[in-house]
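Only one structure is covered here, and it is reproduced in the block below.
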């Protein structure tokens, strides 16, 4: 369903388990950034009522996920700390060059958001299946479906605002690019990289 061209090696969970504080903190910031991204869509594209409605709901959901992750952080005696850079997101967003075409820029942003959600979904699936901490396994299992829904939401909106055939072609190229990036990433305790 996710169509990722380079799946994460399940042994990534071993890295994650040894650095669960970093995983949880990174995850919390991922949720916060996802909420910010949803709000950014509203601010940048207010003329699309259905986009605004979907992004308002998404921002609320992502902040509720942030709160859930933060509770796990506090429960384990950790502190959120300062935001970390997400190398993966930084590199993925560079795939699409600058364009003055407003609608094309919207499609590009939606596809990047879909990819980030797809990779999150995949990582949450691995944590749900392989992590030894059963509380966290259950938690990540519960978030997996939401991430999949976010992925399909963004893909659906990209297809709505762009030509479906062209969007699907861009999506395939973005997936190929991301697979190349993942060859050098995927061996740290980060949700995406």
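Any residue in the stretch 138-146 that is in contact with a helix residue (DSSP H, G or I) (Cβ under 8 Å, 6 or more places away or on another chain), more than 16 Å from residue 23 (Cα to Cα) and modelled with pLDDT of 95 or more?
no
Count, please, the residues in the stretch 160-193 that happen to be over 23 Å from residue 35 (Cα atoms) and outside any helix (DSSP H, G or I).
So the count comes out to 8.
Give 161, 88 a once-over and let me know the one that is modelled with pLDDT of 95 or more and either within 20 Å of residue 26 (Cα to Cα) or over 18 Å from the mean Cα position of the chain (by Cα) (or both).
Result: 161 is the single residue among 161, 88 that is modelled with pLDDT of 95 or more and either within 20 Å of residue 26 (Cα to Cα) or over 18 Å from the mean Cα position of the chain (by Cα) (or both).
For residue 157, which of the numbered conditions (1) without any contact (Cβ under 8 Å) to a residue 12 or more places away in the chain; (2) in a helix (DSSP H, G or I) fails to hold?
Every condition holds for residue 157 apart from (1).
In this structure, is residue 120 assigned to a helix (DSSP H, G or I) and either touching a helix residue (DSSP H, G or I) at 6+ places or on another chain (Cβ under 6 Å) or farther than 23 Å from residue 59 by Cβ (or both)?
Numbers: assigned to a helix (DSSP H, G or I): yes; either touching a helix residue (DSSP H, G or I) at 6+ places or on another chain (Cβ under 6 Å) or farther than 23 Å from residue 59 by Cβ (or both): yes.
Spelling it out, residue 120 is indeed assigned to a helix (DSSP H, G or I) and either touching a helix residue (DSSP H, G or I) at 6+ places or on another chain (Cβ under 6 Å) or farther than 23 Å from residue 59 by Cβ (or both).
The values are calculated or read from the model by the stated rules, or taken from the named source; none is laboratory data. Just so it is clear, the model here is predicted, and its values are computed rather than measured. Positions of Cβ are generated from backbone atoms using ideal geometry, with glycine treated the same way; all protein chains shown enter the neighbour counts.
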